[in-house]
Amino acid sequence: MSARSLVSTGDLGDAEVDGIVRAGVGFAAGARRRPLEGRVVGIYFSKTSTRTRTAFSSGALRLGAGIVTFGPGDLQTNTGESWEDTGRVFAGMLDVMVMRTAGDPAQMRAWAADSLAVVNAMSAEEHPTQALTDLTTLMQHFGRVDGLRVLYVGEGNNTATSLALALTRYPRYGSPAAYPAGVRAAGDHP
């Protein structure tokens, strides 16, 4: 991938996760910057959505971007054009594509292969933007994420996977005090 994309939580380093969370807290506190001024954000949702689609659309607009939305019936992939060709077209016209497919993330990576920044708004495997939003909420409420004990109640799905992966970026997450020095609980990130 040539452009910076977020298809998986693993695409971000520890400092990047923390930086995004802290920036989110700043925006939620009323910071009124427009870092996407003059940019064009594509929003492709092949599955229905109320909150995620509205959040990405309104967020892009508030940050200064223009948006172009697509649904599954809007693309030439329906007439045989390949995902790769569609990605090349988008790379020439858009600055970033937000995608929600509930499908294989390989589709997102195919579009990202041609210098198109792709943001995963949900795939079959992960929902990294929801995890970043959850971490931002924890940071807002507790003033930190590191050292918190988090109980997830819900389906063991793409959202749970992403949250678990994101929480491991904070070294003291999930390490009970009972562990001897130097020993970490499964899933702890050094």
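The values are calculated or read from the model by the stated rules, or taken from the named source; none is laboratory data. Values in this document were obtained by computation on a predicted structure and should not be read as measured data. Here the Cβ is made from the backbone with ideal geometry for all residues, glycine too, and neighbour counts use every protein chain on show. What goes into the accessible areas is simple: the full protein's heavy atoms, side chains included, and nothing from ligands, DNA or RNA. Shrake-Rupley method; radii C 1.70, N 1.55, O 1.52, S 1.80 Å.
The conditions of being open to solvent by 30 Å² or more (accessible area, probe 1.4 Å), small (Gly, Ala, Ser) and outside any loop (DSSP other than H, G, I, E, B) are met by Gly92.
Among residues of segment 30-52 being open to solvent by 80 Å² or more (accessible area, probe 1.4 Å) and in contact (Cβ under 8 Å) with a residue 40 or more places away in the chain, the one that is farthest from Leu135 (Cα to Cα) is Arg39.
Among the residues of segment 54-81, those that are in a loop (DSSP other than H, G, I, E, B) and over 24 Å from Glu126 (Cβ atoms) comprise Gly64, Gly80, Glu81. Here Asp85 meets the list (1) in contact with a strand residue (DSSP E or B) (Cβ under 7 Å, 6 or more places away or on another chain); (2) of a type outside the set (Ser, Thr, Tyr); (3) loosely packed, with under 15 Cβ neighbours inside 10 Å almost entirely, failing just condition (1).
Only one entry of Arg100, Arg62 meets the criterion of being out of contact with any Cys (no Cβ under 8 Å at 6 or more places or on another chain) and open to solvent by 40 Å² or more (accessible area, probe 1.4 Å), and that entry is Arg62.
Considering segment 121-158, and only residues there that are open to solvent by 60 Å² or more (accessible area, probe 1.4 Å) and in contact with a Phe, Trp or Tyr (Cβ under 9 Å, 6 or more places away or on another chain), the residue that is nearest to Asp11 (Cα to Cα) turns out to be Arg144.
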